[in-house]
Amino acid sequence: MTADARLIWTAAIDAVRPERLLATSTVESRIRNAIDGCDRIAVIGAGKAAAGMAAGVETLLGTESLSRHRVSGLVSVPEGCGRRVECVEVRATRPAGVNLPTPAVVRATEEIVRLVSSLTPRDVAIAVITGGGSALLAAPRPGVSLEDKIAATRRLSEAGATIAELNAARRRMSLVKGGGLARACRAGRLVVLVLSDVIGNDLEVIASGPCMPAETATNGSWTTPHGCRVEHLIVGDNATAISAAEAEARRLGYEIVPATILAEATAEAVAASLADAALAALVATRRDGRPRAIVSGGEATVRVPHDHGQGGRNQQTVLAAIDHVRQTAGTWPDGLVIASVGTDGEDGPTDAAGAVADAAIVAAIDARGLDVAEALTRCDAYPLLAASGGLIHTGPTGTNVADVRLVLVSASISHVT
């Protein structure tokens, strides 16, 4: 079952790889329509999937357009998410696992702003905006230093702020967020291709909305004071990954069970909803013998204590699920797997993407005398899960649509009544 779980979360990640998402007739027709008759094309952007998105744009344009329209550009990505792209510079501007802006991010952002400001009404800009873009596109307002911005973001994050709350604060401190990048653009058209890591796909929240001011209509189409026509197109999101995960689970023989799992809440609350749904599914499977799967998505929050350990929201969620299942059922039942994984391959400041729990992993926790309650209190899930074999490692995936949570149950049940 744990091997099945790995196939399922891998299918979810593969489904939101940017090159695949951009290879559609909808995206191609939007790009072709935008560049018809234009002079230059500039490709700019930021995020964990920005390199793949830029590569996908180049593939759509084709060799002739790349040359004829003198395509150039710059995208800002984390270390480990780069790749070679023919005409667009892909620049790693922050370390992997450190979701905060750096001086290199600020320099790249300044170059991006200069580029779009140099365009004319006969030119087209294509922005690729993906999850993780907030920390990879930074231009602090006058009177706000980069250090001030980092300190404020860190305090909010450690206090358990949601992505919407974090990005609202970032917009207030930035010249390029909240539509600022679009306002700097002098091209005739700006096409914004978005890979969303935000549940609900609020364009103001994704990467803090560099091309989306708060007062704009929800469809993302507007005209800047300089006459640049801006249009947004969401090419993929968390629902895309969830749909692919469910399809793979069905292929493996699991019946998909609808369940109400919290999308955005504390890791402990998400874990409780996962655990309760898992135990209910176990009862049903014990009754009829049919294996079941529950797939959900979202992004939990973690309130980090001052003396915290090492971990991430997915690791905290799975560890809290282990605790909740054992408190509810008395032990970890056979035939149960719970996993939570970040589609970007990052979970907090660690080298893990998330965590998985099954009977063998929970037995290893007990055999080593590891203290689950203490690890939860200190947000120190990583060393405990590392010692018990519960960490998920994918490496940087080059995409980002938030997290995928998974419950699998089979008829091999001995402890649930």
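The values are calculated or read from the model by the stated rules, or taken from the named source; none is laboratory data. Worth saying up front: this structure is predicted, and the values here are computed from it rather than measured. Virtual Cβ from ideal backbone geometry, glycine too; neighbours counted across all protein chains shown.
State yes or no: is T266 of a type in the set (S, T, N, Q) and under 16 Å from L391 (Cα atoms)? In short, no. Looking only at residues in the stretch 197-252 that are farther than 24 Å from A49 by Cα and not assigned by TED's automatic domain parsing to the domain that holds G132, the one that is nearest to the chain's Cα centre (by Cα) is A249.
Condition first: at negative phi and part of a helix (DSSP H, G or I). Can you find one or more residues in the stretch 86-103 that meet it?
yes
Inside the stretch 10-24, residues that are in a helix (DSSP H, G or I), under 14 Å from the mean Cα position of the chain (by Cα) and either under 22 Å from R250 (Cα atoms) or of a type in the set (S, T, N, Q) (or both) make up a count of 4. When residues in the stretch 170-196 are screened for being at pLDDT below 95, out of contact with any Pro (no Cβ under 8 Å at 6 or more places or on another chain) and buried (at least 18 other Cβ atoms within 10 Å of the Cβ), 2 of them pass.
When V325, V337, V283 are checked against the criterion of being assigned to a helix (DSSP H, G or I), within 26 Å of G253 (Cβ to Cβ) and touching a residue at least 60 places away in the same chain (Cβ under 8 Å), a single residue qualifies: V283.
Determine, yes or no, whether R83 is exposed (fewer than 14 other Cβ atoms within 10 Å of the Cβ), touching a helix residue (DSSP H, G or I) at 6+ places or on another chain (Cβ under 8 Å) and at pLDDT below 95. So R83 fits the description; yes. Looking across the stretch 132-167, the residues that are within 21 Å of L74 (Cβ to Cβ) and in contact with a Lys or Arg (Cβ under 6 Å, 6 or more places away or on another chain) come down to G132, S134, P140.
In the stretch 248-280, what count of residues is obtained for those that are in a helix (DSSP H, G or I) and of a type outside the set (D, E, K, R)? Going through the stretch 248-280 one residue at a time, the tally reaches 13.
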